[in-house]
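The values are calculated or read from the model by the stated rules, or taken from the named source; none is laboratory data. Here the structure is a predicted model, which means the values were calculated and not measured. In this analysis, Cβ positions are derived from the backbone assuming ideal geometry, glycine residues included, and neighbour counts consider all displayed protein chains.
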Amino acid sequence: MTANVAGAVEIGSALARLRRATGLPVAFGGLVESGRPQIRISELSGTTTAALHSLAVSSGNGLGGKAVALARPCAVMDYPSSRQITHEYDVPVAAEGIRSVLAVPVVVRRRVRGVLYGALRSAQPLGDRTLGAAVAAARDVEQALVVRDEARGLLAAGRPGPADAARVTGWEQVREAHAALRALAPRITDAQLRTELLAACGLLAAPRPDGDGSLAPREVDVLSWVAAGATNATVAERLGLRPETVKSYLRSAMRKLGAHTRGEAVTAARRAGLLP
């Protein structure tokens, strides 16, 4: 699945959740096109025509373009007559019969990556509850894109470099990314996305047939950070655990791996294919 396709899937899922949470009759959205200051509306939910499908919205133009340019949510109560926006897209908007519209940007690391729209077919205020739900849906997409970006970086860092020094540096990055992604996984509410994230980690740390895969997930999480050079205090901070709990997980992992030191535990875990 390509990055654009994966992102579109997340947009589509977020739009469905937005409509369920708010009762909005129409929602649509899309991603910023690579190398261009515009979004391409690709996902439609509740529409009755294809007027908005594949519409390219340039930064600064219309409601969505305004949201892209300002990197913040924007809304109008009556799209056709609003003086707050430009009107390059009045024809497709009128064809779909929508009046009251909000647009929320999807912002990842200060860069707008997409826009979610919600709309009514009548001219009336959308309200704070609807805006809050749209912002929450956009945050879900942002989280998903961050995870996918990290996963791609993880895989890219794992590719062999042309020189030994480069390979060493690459594997240090892999190990740190592996630990960060495992720490992120428990905070992801989307079960499918969480599974995909852990599967991406597994591509670089697949258990070997003769390896010991008996470590608990949290024990692997702790060892991942230890392998990246983190102290117990840092591991506790990254995983949201108490330092004593980190020590307990580490002792348990060492016992299962037959290791007497942290370093031996990391080596044994790598030999078993549990760590990159």
Determine which single condition Ser82 fails, assuming it passes every other condition in (1) at pLDDT 95 or above; (2) under 25 Å from Gly35 (Cα atoms).
(2)
State all residues of segment 91-147 that are closer than 15 Å to Ala75 by Cα, β-branched (Val, Ile, Thr) and assigned to a helix (DSSP H, G or I); if no residue qualifies, say none.
Val93, Thr130, Val135
Return a yes/no flag: does segment 39-60 have any residue that is part of a strand (DSSP E or B) and over 27 Å from the mean Cα position of the chain (by Cα).
no
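Hey, can you tell me all the residues within segment 13-39 that are of a type outside the set (Ser, Thr, Tyr) and crowded, with 19+ Cβ neighbours inside 10 Å?
Our first condition is that a residue be of a type outside the set (Ser, Thr, Tyr); within segment 13-39, this holds for 14-21, 23-33, 35-39.
Those that are of a type outside the set (Ser, Thr, Tyr) and crowded, with 19+ Cβ neighbours inside 10 Å: Ala14, Leu15, Leu18, Leu24, Val26, Ala27, Phe28, Gly29, Gly30, Leu31, Val32, Ile39.
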Six or more apart or on different chains, Cβ atoms under 8 Å: show the pairs whose first residue is in segment 118-138 and in contact (Cβ under 8 Å) with a residue 24 or more places away in the chain and not assigned by TED's automatic domain parsing to the domain that holds Pro105 and whose second is surrounded by fewer than 20 Cβ atoms within 10 Å (Cβ to Cβ) and of a type in the set (D, E, K, R).
none
Go through segment 21-38 and report how many residues are of a type outside the set (Phe, Trp, Tyr), assigned to a strand (DSSP E or B) and in contact (Cβ under 8 Å) with a residue 60 or more places away in the chain.
6
What's the number of the only condition in (1) buried (at least 17 other Cβ atoms within 10 Å of the Cβ); (2) hydroxyl-bearing (Ser, Thr, Tyr); (3) in contact (Cβ under 8 Å) with a residue 40 or more places away in the chain that Ser58 fails to meet?
(3)
How many residues of segment 247-276 are modelled with pLDDT of 90 or more, within 18 Å of Ala230 (Cα to Cα) and basic (Lys, Arg)? The answer is 2
Return the residue satisfying two criteria in turn: it lies in segment 217-276 and is closer than 20 Å to Leu181 by Cα and touching a His at 6+ places or on another chain (Cβ under 9 Å), and of such residues it is surrounded by the most Cβ atoms within 10 Å (Cβ to Cβ).
Ser224
Could you pull out the residue among Val91, Val76 that is out of contact with any Phe, Trp or Tyr (no Cβ under 9 Å at 6 or more places or on another chain), surrounded by fewer than 15 Cβ atoms within 10 Å (Cβ to Cβ) and among the aliphatic types (A, V, I, L, M)?
Val91
